[in-house]
Amino acid sequence: MDHLIALAAEKIAAAAHPVSFSGAGLSAESGIATFRDSADKDALWANFDPQKLASQEGFIANPALVIEWYNQRRKTLADAVPNMAHHTLAAFRGWTHITQNVDNLLETAIQESGADSSTVLHLHGTLLEDHCNAGCGYTEKVDLKAAPSLRRCRCGDYMRPSVVWFGEALPELVMQSALHQTENADLMLVVGTSAQVYPAAGLIDIATDKGADVIVVNTEASGVTGANIVELVGPAGEIMPQLLRRV
Ligand code: OAD
């Protein structure tokens, strides 16, 4: 493992245009449940039906249930703090951070380090905002500690969390920016994702196809294949600081 960490650190130090691509495993050590980690008994999609809780059909069928479920997750997030994996990414100055996570822990770590957190691209939206389900364009910031229960927008339809549900398109400008950054990247650091959900996971394919160095940090072997891949198997909160020390 030590020589792999040294090799990964060498590649990071040499990279001119590095990006990170993260998933739920990045926040797991902060107490945020993953979706489909086989080692996590609280993994969300092992215990809940995504079609009931994270789809337009599910929301129409039982809007109050969906809002309550998201508000439970918001409560957990309100008490969570960034872990060493977030702090390590924050220390990589000048990087673009592409994430599938809907929490704000990476931004918090970046802000705590004194840097600008607008370099975080949320492909799947955020728990910190609601918008009108009818698409009238109205949005509202949400206080994680006191998230409102089911309520109506000014236009009469329901408000809903600003996260991407199954069957919905990713936010267009964010995806365009993530594509652009990935196409220009010479290194991608992939942290804590099962890489199963497309189109987001397709960014890893773009990086590997163009021959960028790809470093994968995950508690399990990732299955990502390609010529320039370094796999670091273990908890991100332990591996990432070791990586940082060597860069
Ligand atoms: P998953 O839950 O699918 O995968 C989490 C990954 O993190 C797994 O590969 C685990 O092995 C790994 N992992 C768990 N703990 C870890 C740790 N401490 N350190 C490193 N790795 C760890 O989460 P995502 O890949 O993010 O979509 O899932 C992608 C999307 O599927 C989510 O954004 C969400 C979900 O449906 C939406 O909400 C639209």
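The values are calculated or read from the model by the stated rules, or taken from the named source; none is laboratory data. Since the model is a prediction, treat every value here as computed from it, not as a measurement. Every residue, glycine among them, receives a Cβ derived from its backbone with ideal geometry; neighbour counts consider all protein chains shown. Surface areas here come from the heavy atoms of the whole protein model, side chains and all, with no ligands, DNA or RNA. Shrake-Rupley method; radii C 1.70, N 1.55, O 1.52, S 1.80 Å.
Counting residues that are more than 16 Å from the ligand (Cβ to nearest atom), which strands (runs of 3 or more DSSP E) fully inside segment 135-193 reach at least 2?
139-141
From the list PHE59, PHE48, PHE92, which one is assigned by TED's automatic domain parsing to the domain that holds GLN196 and either modelled with pLDDT under 95 or over 14 Å from the mean Cα position of the chain (by Cα) (or both)?
PHE92
For segment 221-238, give me each residue that is open to solvent by 70 Å² or more (accessible area, probe 1.4 Å), touching a helix residue (DSSP H, G or I) at 6+ places or on another chain (Cβ under 9 Å) and at pLDDT below 95.
If the condition is that a residue be open to solvent by 70 Å² or more (accessible area, probe 1.4 Å), touching a helix residue (DSSP H, G or I) at 6+ places or on another chain (Cβ under 9 Å) and at pLDDT below 95, then THR225, ALA227 are the ones that fit.
Mind checking whether some residue in segment 7-19 is of a type in the set (Asp, Glu), at pLDDT below 95, farther than 18 Å from ASN83 by Cβ and not in a strand (DSSP E or B)?
Looking for residues that are of a type in the set (Asp, Glu), at pLDDT below 95, farther than 18 Å from ASN83 by Cβ and not in a strand (DSSP E or B), one finds none in segment 7-19, hence no.
May I ask you to list the residues in segment 1-18 that are within 16 Å of the ligand (Cβ to nearest atom) and crowded, with 18+ Cβ neighbours inside 10 Å?
ILE5, ALA8
Looking at ASN71 and the list (1) more than 19 Å from GLU172 (Cβ to Cβ); (2) surrounded by 14 or more Cβ atoms within 10 Å (Cβ to Cβ); (3) assigned by TED's automatic domain parsing to the domain that holds HIS180, which single condition is not satisfied?
Looking at each condition in turn, ASN71 falls short on (3).
Could you tell me whether any residue of segment 184-201 is surrounded by fewer than 18 Cβ atoms within 10 Å (Cβ to Cβ), at pLDDT 95 or above, closer than 18 Å to HIS17 by Cβ and in the same structural domain as ALA6 (by TED's automatic domain parsing)?
Yes, some residue in segment 184-201 is surrounded by fewer than 18 Cβ atoms within 10 Å (Cβ to Cβ), at pLDDT 95 or above, closer than 18 Å to HIS17 by Cβ and in the same structural domain as ALA6 (by TED's automatic domain parsing).
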